[in-house]
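Okay, so here's the structure we're looking at.
The values are calculated or read from the model by the stated rules, or taken from the named source; none is laboratory data. From a predicted model like this one, the values you see are computed outputs, not experimental measurements. A quick note on method: Cβ atoms are made from the backbone with ideal geometry, for glycine too, and the neighbour counts reach across all protein chains shown.
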Amino acid sequence: MAAKPSLRTELLFNLAFLAAAALLLGVMTILLASAVAPERAFPLVITIVALDVGVFIVFGHYIVTRHVLRPVERLIAAADAVVGGDLAARAPEAETRDFTTLAERVNRMTDHLLDAQSQLVRSEKLAGIGRLAAGVAHEVGNPLGALGTYVEVLRRRGGGEPDVLQGMGRELQRIDAIVRSLLEYARPQEEELKPVDPGVVARSTFALLQAQGALKAVRAELDLGNGMPMISGWAHLLEQALVNLMLNAVDAAEGGVVVLGARSWHYEPGRVAPKRATDPEPVAFVRTRPRQPPRVEFKAGAPGTLLFVADSGPGVPLEDRHRVFDPFYTTKPPGRGTGLGLAIVERVVYDMGGVVWVERAREGGAAFKLFFPEHAEQGPGEGGRK
């Protein structure tokens, strides 16, 4: 694609053209008037000059409108559309390099503002849900403990049918698991963020699940890259998040493939996903989502580590990808999931300063991806949570 000319070049070229044309027409007018009608040369020259000025004004208006006013009007229209609620509106490219660059900057600023707004809404949502979860867990936990005590008393006294008591105990344990999940979701992390090696955490997670036999139902693969930077976080919570994602992938892709991987990566919305060891050359992969989730603490191009859990299961429908991290949203049959696992994963990733999203995996199923920026070295007295 040919490089676009600058606005300065276009205006200077057209102004030079106008000046040369004016000079040429002026000389030709004087010569023509002197040769044809010397006695009426002055009025004729004035008339022709007036016509020339009119032509130049029209031509100049066209040039200014084409190269200046029209691009400005398009920028204003795009900004008004965004203000009016059309968040997908963007400024188009112009004929000159300067206004094309300005349009790109305006679009980038719009994206950044929308990202900041989205993150603010997400933060308020997480805080609100956290307070609600803590309140519900507290209010439900007390009567739940009392019910458990009563069931145990009935069992020891031999009252009631054993099957009924066993069923009540099982359901109480299920409610207790939900309450504990709510508390885990709502519990703030007061511990300081520390340097974490994502490759070590991914390797230990994979080894743990293998030792427990949790990966026997699938063909599990560990795919780790080289030179991954350290990230800021909590190793035990990151391991819990990866375990949760791996168990979900095993449930979704029973008899298929599950991959746990990590790569050094730069956070860029339009960038192709990092190459895996099993990928053929060249890598042919197109994102199904043009933009990644927002995180205004780091910009596009920020270095860090991308961890991913991919499977060959049915995947997550495009219309549900923004809902899978909502509390109590689940695609599992009743009784097989609380819908809090992915919500807890998102909360952990967010508290560690990263982002998590889901898209279509190369294996055909879902690919949950976690990006964490590179750990920033801090001087004395600069520690603490980010």
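Exactly one residue out of Thr110, Thr65 is under 30 Å from Asn14 (Cα atoms), among the polar types (S, T, N, Q) and in a helix (DSSP H, G or I), and it is Thr65. Against the definition (in contact with a Gly (Cβ under 7 Å, 6 or more places away or on another chain), at pLDDT 90 or above and within 15 Å of Lys369 (Cα to Cα)), how does Arg276 come out, yes or no? The answer is no for Arg276.
Every test in (1) outside any helix (DSSP H, G or I); (2) modelled with pLDDT under 70 is passed by Lys4 save one, and that test is (2). Quick check on Pro290: is it modelled with pLDDT under 80 and in contact with a helix residue (DSSP H, G or I) (Cβ under 8 Å, 6 or more places away or on another chain)? The answer is no for Pro290. Within segment 151-172, is there a residue that is at pLDDT below 75 and either assigned by TED's automatic domain parsing to the domain that holds Tyr329 or within 40 Å of the chain's Cα centre (by Cα) (or both)? Within segment 151-172 (the criterion being at pLDDT below 75 and either assigned by TED's automatic domain parsing to the domain that holds Tyr329 or within 40 Å of the chain's Cα centre (by Cα) (or both)), the answer is no, since none of the residues qualifies.
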